[in-house]
């Protein structure tokens with residue numbers, strides 16, 4: 001009996017995406033229904049079957065903010081705002097899908113290049129590294145990435161993103177740029193009173209781009225394929241993730 005039930009569930013799982021695709025609400029209908037919930041116009045980017053039958057995944061954007069994911073039933077009546085975890089695989093399915101929605105295009109990466117404060121490393125795939133001088137995990141991440149760069153495994157392009165609640169972080173970031181102290185200066189917690197125009201321009205520019213692309217915390221890495229990953233990663237985990245993104 002248990003085997004029969006398991007087989008039935010498996011069949012529904014395999015058939016589910018095709019069935020859900022036919023019954024998920026349209027993007028136009030969802031845009032009209034969801035707009036009152038946000039009190040702003042909602043752009044529905046994508047509607048597709050969710051991770052199990054009967055559930056639809058909705059990718060959307062409100063104003064020019066970061067992209068979001070909601071889940072909705074096939075009728076469009078019930079909305080779930082939350083994350084779906086795969087306990088067996090220990091994966092956050094919502095987080096993975098959201099990263100795909102917020103992936104930066106090649107043109108976006110070129111925009112980031114305009115406000116790179118400095119580069120560290122001579123070879124390896126290029127990554128963009130958003131940091132705040134007063135963020136402890138940024139310093140921890142910087143040491144890991146510096147080690148990888150010294151091994152020729154990665155080239156780091158640093159953009160400063162001083163958070164508003166870190167008093168003095170913006171001025172410190174500007175001084176590191178103005179005095180050409182680079183990544184080693186950042187790790188050493190360098191600061192001075194030098195507030196040159198070029199430093200201010202680079203920090204202001206990177207802050208604007210962070211807001212545009214929905215980057216709200218530090219440290220954040222943008223991989224060569226445009227995927228955005230926030231938070232500290234140990235060396236081994238970072239190397240594995242970098243390898244995956246280079247294979248795309």
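The numbers here are math on the coordinates, done by the rules we state, and not lab data. Note that the structure is predicted; figures quoted are calculated from it, not measured. All Cβ positions, even for glycine, are placed from backbone atoms using ideal geometry, and neighbour counts span all protein chains on display.
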Any chance you could check the Cα centroid distance between segment 90-147 and segment 168-203 for me, in angstrom? 19
Calculated FRET efficiency, residue 197 and residue 64, Cβ-Cβ r, R0 35 Å, to nearest 0.05? 0.80
Largest to smallest principal axis extent of the C-alpha atoms in segment 94-175, angstrom: 33, 33, 26
Here the Kirkwood hydrodynamic radius of segment 106-246, Cα-based and in Å, equals 14.8
Can you compute the helix-only [θ] at 222 nm over the chain? Use -39500 (n - 2.57) per DSSP H run of at least 4 residues, normalise by all residues, nearest 500 deg cm²/dmol. -14000 deg cm²/dmol
What label, among (1) 21.6, 75; (2) 18.8, 56; (3) 19.5, 67, belongs to Rg and Dmax of the Cα atoms in Å computed from the structure on display? (1)
Using only the alpha-carbon atoms, how far is helix 169-178 inclined from the longest principal axis of the chain? Give it as 0 to 90 degrees, nearest 10. 60
From the convex hull of the Cα coordinates of segment 157-235, what is the mean projected area in square nanometres? 5.7
Mean separation of Cα contacts under 8 Å (at least 6 apart) over the residue count of the chain, i.e. the relative contact order in percent, is 16
Specify the angular offset, from 0 to 90 degrees and rounded to the nearest 10, of the alpha carbon long axis of helix 27-38 from the longest principal axis of the alpha carbons in the chain. 60
Rounded to the nearest 0.05, FRET efficiency between residue 190 and residue 26 (Cβ-Cβ, R0 51 Å) equals 0.40
Within segment 151-168, the residues whose backbone N lies under 18 Å from a label point placed 7 Å from the Cα of residue 243 along the Cα-to-Cβ direction are 151-155
